[in-house]
Amino acid sequence: MGIFLFAVLLTIMAHFLLEMAFDLQPFVHYLLLYVICFAVLLVNMLIKHYFTKNMSAIEKFLVKKQKNPYYRFLYGLANKDDKKVIHSYRKLVTQKKYQQHYPLLTVVFSFYFEQLDGLEGEIEKIKSQKLRTYYDLWLKIKRKKQVSNKEFSKVKTPWMKEALLGELKEATGQTEQAQIHRRNALKLAKGLIFYQLKKQYERKYID
């Protein structure tokens with residue numbers, strides 16, 4: 001509600017400033033006000049998605065968005081809420097707008113519940129090359145298969161590479177090196193990714 005009220009107040013201020021400074025047609029005047037309000041709300045959402053490291057702000061954002069199964073799914077994953085993960089996953093895969101993301105949602109769901117059998121087929125269907133590579137290597141690490149430097153060189157996103165290296169070092173008993181890579185992953189990640197990683201690391205390695 002805070003950001004919405006801010007957007008409304010800013011729009012009201014803009015209304016008076018536009019009236020004093022310009023002689024605009026009513027349609028243009030109210031169109032500009034709409035654009036200003038929409039831009040404020042959009043920027044706030046983009047910050048939570050991609051830029052902030054404020055855990056409290058991200059969590060409040062996710063809690064407010066719980067009616068949306070996508071955000072409920074993310075919140076459930078981060079906070080180890082099995083019922084929320086299952087319920088929101090079932091909702092997502094039945095909604096038309098999320099059907100193109102079915103392979104990715106299924107892979108994330110399967111990793112969460114450690115159900116790794118037959119995942120290769122779903123990983124191959126993921127449209128994003130970087131996500132496909134990330135989950136393919138993560139699956140190999142989980143299955144204790146050897147991962148070559150050449151395969152790691154295909155990971156172009158810095159936080160992904162550090163997160164994978166953290167998993168690899170942990171799997172091979174190099175705990176101190178794993179901690180270094182996990183810290184690096186958190187330094188490089190932002191927004192919802194940062195929230196997910198931090199929650200996962202705190203639960204898995206601190207609890």
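Criterion applied to Leu104, Leu74 was being surrounded by fewer than 20 Cβ atoms within 10 Å (Cβ to Cβ), in contact (Cβ under 8 Å) with a residue 12 or more places away in the chain and assigned to a helix (DSSP H, G or I), and the one residue passing it is Leu104.
Of all residues in the stretch 117-153, none satisfies the criterion of being assigned to a loop (DSSP other than H, G, I, E, B), more than 16 Å from Pro103 (Cα to Cα) and modelled with pLDDT of 95 or more.
For the stretch 54-71, the set of residues classified as under 22 Å from Tyr102 (Cβ atoms), in contact with a helix residue (DSSP H, G or I) (Cβ under 9 Å, 6 or more places away or on another chain) and basic (Lys, Arg) consists of Lys65 only.
The values are calculated or read from the model by the stated rules, or taken from the named source; none is laboratory data. As the structure is a computational prediction, the values presented were derived from the model and not from experiment. Cβ: placed from backbone, ideal geometry, glycine included. Neighbour counts: every protein chain shown.
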